[in-house]
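*Asks:* The structure's right below; bear with me while I get my questions together.
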């Protein structure tokens, strides 16, 4: 399977092509709730079918380029009992197919990592939208809310400051070009013309197994329970030769 695409303009309860881990669910209003104010802990939602990340069968060696776009909201509900920064944020990720939530990955670990140490056996690429920073709890984070690219560790390899807006819809576009090993993330709000953009060099084949799952993950602690809602999600991937010269010749 060289190509895969799907598009959710909205979600439906008991969505059969989404795998839920933890207490992630779909609301009656068609929103994918990765976390909600009534729960703590870790929640993940993954597309049910695996994605072919790379293929060594061909002479050129193919690696997937992909593009995904989604809209999401991180919101402090009005019933919040105390003021606190958003905890802890949301992540889009690629991980081994059918992977499970690792133990010890709550709160600022986003349900993805067990520690802040780099570990190649994690086999994870993630884009985090981090609404919480505090050196006492997350010493690996920069001193601001941020978008980060994570490779096998919660310590982001690249970050950009993010002006998070409580309750506003954020539109995200993530693209990966296999021939150039370039991952680009753009986040914007419909209310203005500015974008937060971060680009990182990522060798997908060196990091991920041949088949992966894609989805969203979030972790919340006891300090402040925030809603992390996905409103829509589009994804497409295509295996192409892992050689810029081959692509230019085609």
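Here, each number is a calculation from the coordinates, and none is a lab measurement. Since the model is a prediction, treat every value here as computed from it, not as a measurement. Every residue, glycine among them, receives a Cβ derived from its backbone with ideal geometry; neighbour counts consider all protein chains shown.
*Asks:* Quickly work out the residue 100-to-residue 144 label distance, labels modelled 7 Å from Cα along the C-beta direction, and quote it in nm with one decimal.
*Replies:* Simple spin-label model gives 4.0 nm for this pair.
*Asks:* Next question. Fewest Cβ neighbours within 10 Å first, please rank 234, 47 accordingly. Let's see the in-between values first.
*Replies:* Numbers: 234 15, 47 18.
By the 10 Å Cβ count, ascending: 234, 47.
*Asks:* Hey, with R₀ at 51 Å, roughly what FRET efficiency would residue 182 and residue 28 work out to, going by the Cβ-Cβ distance, to 0.05? Write out the running numbers ahead of the final one.
*Replies:* Numbers: r = 40 Å, r/R0 = 0.78.
Given R0 = 51 Å and the Cβ-Cβ separation, E is 0.80.
*Asks:* Follow-up question, since we're still on this one. How would 130, 57, 168 line up from fewest to most surrounding beta-carbon atoms within 10 angstrom? Write down the numbers at each step before the final one.
*Replies:* Numbers: 130 27, 57 6, 168 12.
Fewest-to-most Cβ neighbours within 10 Å comes out as 57, 168, 130.
*Asks:* Between residue 155 and residue 236, what is the spin-label point distance in nm, taking each point 7 Å from the Cα along the Cα→C-beta axis?
*Replies:* Taking the two extended label points, one gets 3.8 nm.
*Asks:* Calculate, in nm to one decimal, what residue 121 and residue 3 gain on full extension: separation in residues at 0.36 nm each, minus their alpha carbon distance.
*Replies:* On the way: separation 118, 0.36 × 118 = 42.48 nm, distance 2.63 nm.
Result for the pair: 39.8 nm of gain on full extension.
*Asks:* Using a 10 Å cut-off around each Cβ, can you sort 181, 10 from fewest to most neighbouring Cβ atoms? Walk me through the numbers before you get to the answer.
*Replies:* Values: 181 17, 10 13.
Starting with the residue having the fewest Cβ neighbours, the order is 10, 181.
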